[in-house]
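K.L.:
Got a structure here, written out as structure tokens. Questions coming.
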Amino acid sequence: MAHRLRVAEVIAETADAHSLVLTVPPALAATFAYRPGQYLTVIVPGSGARCYSLSSSPHTDQDLKITIKRVRDGQASNWICDHVRAGQTLELLPPAGEFSPASLDDDLLLLAGGSGITPVMGIIKSVLAHGRGRLHLIYANRDERSIIFAGELAALAGDRLTVTHWLDSERGTPSPASLAALLAPGDGRKAYICGPELFVAMACDALQQAGVSPDLVHVERFEITPEETADATLEVEIDGQTHHLPWPAGKRMLDVIIEAGLNPPFSCRQGHCGACALRLLRGKVDLVNNEVLEQEDFDEGYTLACQAVARSDEVSVTYY
Ligand code: FES
């Protein structure tokens with residue numbers, strides 16, 4: 001269920017990235033409690049539900065902070081950067097996500113590309129303030145001016161946090177081999193990667209080349225590629241009623257249902273927990289991520305609303 005939170009402050013982090021500081025009223029403190037690295041979902045007028053990572057830490061920051069970078073032609077990020085001012089309220093869903101270390105005492109490798117630093121920043125602040133872990137951050141950006149949180153990172157760097165900046169302007173675009181060269185071979189630390197799709201793929205390759213076991217690698221991905229998905233119509237049976245909803249290409253089914261003001265079940269929104277499962281009656285969908293449904297579930301028609309994108313003009317689903 002969405003709640004309205006007040007924007008206490010808007011911080012221009014770089015020319016194209018803004019942070020929104022959000023005040024949580026005491027009555028919603030438990031609802032908006034979070035782990036470092038999780039994200040909030042903002043209901044953006046005209047664009048629907050969008051996930052933005054929390055750059056704040058529950059261990060060091062009183063308010064919530066999300067950081068949004070403008071995406072070229074990205075309606076939602078541009079609307080937020082152009083229109084949201086201190087004093088306004090925004091409609092938000094509570095924190096969610098699994099990009100959060102199990103222990104703040106673990107040593108971690110952190111790989112961030114551009115605005116992928118956002119959840120990583122929350123993790124860094126929490127580990128330094130409340131854990132014993134030692135951190136190595138590799139942070140890739142176009143140039144010096146596009147580094148988000150440059151000052152904060154410089155202030156936090158020290159014994160337990162090493163920061164390696166990769167600037168395309170100085171070293172060219174990174175490759176798996178050039179990133180792997182920054183890592184100790186056979187590094188046994190858990191790794192957390194967040195950034196644009198290309199960076200994530202490259203960082204995964206780099207970790208593999210450096211001999212890091214895939215079991216230790218955690219990735220945060222929000223982006224989906226709208227290509228190969230189609231604008232569709234979604235027929236959904238929920239709470240005793242049938243609704244027909246327009247389903248834009250690339251958008252996830254759960255977001256379409258939430259934006260229509262309906263109240264679907266969900267929890268992780270990452271394809272891990274199965275809380276959003278429902279039955280496909282007609283049409284075809286693809287799941288962006290699935291770590292919970294087995295073939296026999298698919299055989300019975302189950303799918304995950306939080307991960308489903310449309311692959312046919314008409315899709316019909318039911319929560320019964
Ligand atoms: Fe957890 Fe969809 S909400 S799998």
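K.L.:
Looking only at the stretch 118-146, how many residues end up being surrounded by fewer than 22 Cβ atoms within 10 Å (Cβ to Cβ), assigned to a helix (DSSP H, G or I) and small (Gly, Ala, Ser)?
P.N.:
2
K.L.:
Follow-up. Filter the stretch 185-203 down to the residues that are farther than 21 Å from Leu104 by Cα, of a type in the set (Gly, Ala, Ser) and surrounded by fewer than 19 Cβ atoms within 10 Å (Cβ to Cβ), then identify the one that is modelled with the lowest pLDDT. Can you show your working first?
P.N.:
Residues of the stretch 185-203 farther than 21 Å from Leu104 by Cα: 185-186, 195-203.
In the following step, the residues that additionally are of a type in the set (Gly, Ala, Ser) were identified as 186, 195, 201, 203.
Among the residues that remain, those that are also surrounded by fewer than 19 Cβ atoms within 10 Å (Cβ to Cβ) are: 186, 201.
Details: Gly186: 68, Ala201: 83.
Across the stretch 185-203, the extreme among qualifying residues is Gly186.
K.L.:
Can I ask one more? Identify the single condition in (1) within 18 Å of Glu314 (Cβ to Cβ); (2) among the small types (Gly, Ala, Ser); (3) at pLDDT 90 or above that Ala206 does not satisfy, given that it satisfies every other one.
P.N.:
Tallying (1) within 18 Å of Glu314 (Cβ to Cβ); (2) among the small types (Gly, Ala, Ser); (3) at pLDDT 90 or above, Ala206 fails exactly one: (1).
K.L.:
Does the stretch 249-272 hold any residues that are away from the ligand (no atom under 12 Å from the Cβ), in a loop (DSSP other than H, G, I, E, B) and under 17 Å from Ala310 (Cα atoms), and which are they?
P.N.:
Ala249, Gly250, Lys251, Ala260
K.L.:
Could you say which residue among Leu108, Leu40 is within 16 Å of the ligand (Cβ to nearest atom) and of a type in the set (A, V, I, L, M)? Steps first, please.
P.N.:
Working: Leu108 fails: within 16 Å of the ligand (Cβ to nearest atom).
When all the criteria are applied, what remains is Leu40.
K.L.:
Name the single residue that is surrounded by the most Cβ atoms within 10 Å (Cβ to Cβ) among those in the stretch 286-304 being over 17 Å from Glu98 (Cα atoms) and within 13 Å of the ligand (Cβ to nearest atom).
P.N.:
Step one: filter the stretch 286-304 for residues over 17 Å from Glu98 (Cα atoms), giving 286-287, 293-303.
Those still in the list that are within 13 Å of the ligand (Cβ to nearest atom) too: 287, 293, 297, 302-303.
Working: Leu287: 19, Leu293: 17, Asp297: 16, Tyr302: 16, Thr303: 21.
So, considering only residues that are over 17 Å from Glu98 (Cα atoms) and within 13 Å of the ligand (Cβ to nearest atom), the one surrounded by the most Cβ atoms within 10 Å (Cβ to Cβ) is Thr303.
K.L.:
Starting from the stretch 1-17, keep only residues that are over 17 Å from Ala76 (Cβ atoms), then list their pairs with residues that are surrounded by fewer than 15 Cβ atoms within 10 Å (Cβ to Cβ) and of a type in the set (A, V, I, L, M) whose Cβ atoms are within a distance under 7 Å, requiring at least 6 positions of separation or different chains.
P.N.:
Pairs that qualify, where the first residue is over 17 Å from Ala76 (Cβ atoms) and the partner is surrounded by fewer than 15 Cβ atoms within 10 Å (Cβ to Cβ) and of a type in the set (A, V, I, L, M), are Ala8/Ala86; Glu9/Ala86.
K.L.:
Let me ask something else. Restricting the first residue to the stretch 286-310 and requiring it to be assigned to a helix (DSSP H, G or I), which pairs with a second residue that is more than 8 Å from the ligand (Cβ to nearest atom) and of a type in the set (A, V, I, L, M) meet a Cβ separation below 9 Å and a spacing of at least six or different chains?
P.N.:
As it stands, the answer is Phe298/Leu280, since those pairs meet every condition given.
K.L.:
Condition check: under 19 Å from Glu9 (Cβ atoms) and either in a loop (DSSP other than H, G, I, E, B) or among the β-branched types (Val, Ile, Thr) (or both). Does Gly87 satisfy that? Before the answer, list the steps.
P.N.:
Details: under 19 Å from Glu9 (Cβ atoms): yes; either in a loop (DSSP other than H, G, I, E, B) or among the β-branched types (Val, Ile, Thr) (or both): yes.
It is true that Gly87 is under 19 Å from Glu9 (Cβ atoms) and either in a loop (DSSP other than H, G, I, E, B) or among the β-branched types (Val, Ile, Thr) (or both).
K.L.:
Could you tell me whether Gly46 is part of a loop (DSSP other than H, G, I, E, B), more than 27 Å from Val127 (Cα to Cα) and either at pLDDT below 95 or in contact with a Gly (Cβ under 9 Å, 6 or more places away or on another chain) (or both)? Let's see the steps before the verdict.
P.N.:
Values: part of a loop (DSSP other than H, G, I, E, B): yes; more than 27 Å from Val127 (Cα to Cα): yes; either at pLDDT below 95 or in contact with a Gly (Cβ under 9 Å, 6 or more places away or on another chain) (or both): yes.
Yes, satisfied.
The values are calculated or read from the model by the stated rules, or taken from the named source; none is laboratory data. All of these numbers come straight from a predicted model, not from anything done at the bench. Cβ atoms come from the backbone with ideal geometry, glycine included; neighbour counts cover every protein chain shown.
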